[in-house]
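J.: Submitted below is the structure of interest, expressed as structure tokens.
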Amino acid sequence: MILPLSELISRAVEQALEDRVAVSFSGGLDSTVIASIARKHADVELFTAGVEGSEDIEYADKAASALGLPLTVVKIDEEKAMSAYARCHSLLPMDFLKVEILVPVHCVAEAAAEKGHKVMLFGSAAEELFAGYERYYVCRDEGKDVDALLREEFRTLPQRDLAYVKKVCRSSGLDSRFPFYNKELASMMFSVPIEERMDDRTLKKGILREAAKLLGVPAIVIGRKKKAMQYGSGVHKMLFRRVEEINRTFPGS
């Protein structure tokens, strides 16, 4: 199964490419899989955003070097984080936890647009395909139907997470694309027994990690534990220090 899966992921990425593309890059598994494939078919530039010394910046730098791809790092300080939060909240006036996730998205999109990019690729949808969130394991512990949950969350992504990223990117003049949100990929992965998709609770997404080995992903990335963008970038900790001010300033936060 791993070889057909790797071939299908490659096709999905290729279908999302233009001659020149930007990749939202955290040095994590999903974005590195995309970058590793894309570099064979397009002029690729990587963009990461994070607080000075953050895990995402550290891993992005190492992974970009291993892939031989140029990396633009957007350093986020408190002023930049608050400014980006205000911009994202103006576009999508949602609660704090939903808006903070979009802060690094806005930062990389803005940086890519400044460099003349028109298209940016994101690793969204991999979590739903490969059971990447800890909460799925908690649901399994509680006896819930995790397969049905994953299918429903994947189906509704265009109305939720993908829509939010698209809107933030459009505000910078970028077209956002999501290679993992692919019907063929979904058909393959949802045919795999849920026990196999959830066989590695520590690192998670074991099946994707196996495919990544065939796709040229550096070992340092394959062994990296999953960390959500707002945590890997350090944005959550920075913004949470000012959460009371944020809740007063931005209605709905």
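The values are calculated or read from the model by the stated rules, or taken from the named source; none is laboratory data. Note that this is a predicted model, so its numbers are computed, not measured. Neighbour counts are summed over all protein chains in view; Cβ atoms, including those assigned to glycine, are modelled from backbone coordinates with ideal geometry.
Residue by residue, here is whether (1) touching a helix residue (DSSP H, G or I) at 6+ places or on another chain (Cβ under 8 Å); (2) crowded, with 20+ Cβ neighbours inside 10 Å holds:
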site	(1), (2)
2	yes, no
13	yes, yes
23	yes, yes
28	yes, yes
31	no, yes
40	no, no
44	yes, yes
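J.: Do we find a residue being in contact with a strand residue (DSSP E or B) (Cβ under 9 Å, 6 or more places away or on another chain), within 30 Å of residue 188 (Cα to Cα) and either of a type outside the set (D, E, K, R) or in contact (Cβ under 8 Å) with a residue 40 or more places away in the chain (or both) anywhere in segment 73-86?
T.: No, the conditions are met nowhere in segment 73-86.
J.: Among the listed residues 142, 127, identify the single one that is within 14 Å of the chain's Cα centre (by Cα) and either under 30 Å from residue 46 (Cβ atoms) or not aromatic (Phe, Trp, Tyr) (or both). Can you show your working first?
T.: Numbers: 142 fails: within 14 Å of the chain's Cα centre (by Cα).
Of 142, 127, the one residue that is within 14 Å of the chain's Cα centre (by Cα) and either under 30 Å from residue 46 (Cβ atoms) or not aromatic (Phe, Trp, Tyr) (or both) is 127.
J.: While we're looking at this one, here's another question. Residues to consider are 152, 184, 127, 134; find the one that is closer than 21 Å to residue 235 by Cα and loosely packed, with under 13 Cβ neighbours inside 10 Å. Can you show your working first?
T.: On the way: 152 fails: closer than 21 Å to residue 235 by Cα; 184 fails: closer than 21 Å to residue 235 by Cα; 127 fails: loosely packed, with under 13 Cβ neighbours inside 10 Å.
The match here is 134.
J.: Scan segment 91-113 and give yes if some residue there is surrounded by fewer than 18 Cβ atoms within 10 Å (Cβ to Cβ) and touching a Pro at 6+ places or on another chain (Cβ under 9 Å), otherwise no.
T.: yes
J.: Select from segment 193-206 the residues that are among the hydrophobic types (A, V, I, L, M, F, W, C) and under 13 Å from residue 128 (Cβ atoms) and write down the one among them that is surrounded by the fewest Cβ atoms within 10 Å (Cβ to Cβ). Give the derivation first.
T.: Our first condition is that a residue be among the hydrophobic types (A, V, I, L, M, F, W, C); within segment 193-206, this holds for 194, 198, 203.
Then drop every residue that is not under 13 Å from residue 128 (Cβ atoms), which leaves 194, 198.
Working: 194: 17, 198: 21.
Of everything passing the filter in segment 193-206, 194 is surrounded by the fewest Cβ atoms within 10 Å (Cβ to Cβ).
J.: Another question, then. Do you know which of the residues in segment 46-55 that are under 27 Å from residue 19 (Cβ atoms) and of a type outside the set (Phe, Trp, Tyr) is surrounded by the fewest Cβ atoms within 10 Å (Cβ to Cβ)?
T.: To start, the set of residues in segment 46-55 that are under 27 Å from residue 19 (Cβ atoms) comprises 46-49.
Okay, now just the ones that are also of a type outside the set (Phe, Trp, Tyr), so 46, 48-49.
Numbers: 46: 28, 48: 32, 49: 32.
It comes out as 46.
J.: Going through segment 27-43 one residue at a time, which ones are under 19 Å from residue 16 (Cβ atoms) and either among the acidic types (Asp, Glu) or in contact with a Lys or Arg (Cβ under 8 Å, 6 or more places away or on another chain) (or both)?
T.: Kept after step one, since they are under 19 Å from residue 16 (Cβ atoms), are these residues of segment 27-43: 28-43.
Within segment 27-43, 28, 29, 30, 42, 43 qualify.
J.: Working only within segment 109-154, note down all residues that are of a type in the set (Val, Ile, Thr) and outside any helix (DSSP H, G or I). Write out each step before concluding.
T.: Here is the first cut: in segment 109-154, the residues of a type in the set (Val, Ile, Thr) are 119, 138, 146.
The one that is of a type in the set (Val, Ile, Thr) and outside any helix (DSSP H, G or I): 119.
J.: OK, next. Let me confirm something: among 183, 225, 166, which residue is among the charged types (D, E, K, R), touching a strand residue (DSSP E or B) at 6+ places or on another chain (Cβ under 6 Å) and free of Cβ contacts under 8 Å to residues at least 40 places away in the same chain? Steps first, please.
T.: Values: 183 fails: touching a strand residue (DSSP E or B) at 6+ places or on another chain (Cβ under 6 Å); 225 fails: touching a strand residue (DSSP E or B) at 6+ places or on another chain (Cβ under 6 Å).
After ruling out the rest, the residue left standing is 166.
J.: I've got another one for you. Tally time: how many residues in segment 1-26 are within 25 Å of residue 107 (Cβ to Cβ) and modelled with pLDDT under 95?
T.: Narrowing segment 1-26 to residues within 25 Å of residue 107 (Cβ to Cβ): 13, 16-26.
Next, from what is left, pick out any that are modelled with pLDDT under 95: none.
Going through segment 1-26 one residue at a time, the tally reaches 0.
J.: Any idea which of (1) touching a His at 6+ places or on another chain (Cβ under 6 Å); (2) closer than 30 Å to residue 6 by Cβ is the one residue 99 doesn't satisfy?
T.: Failing condition for residue 99: (2).
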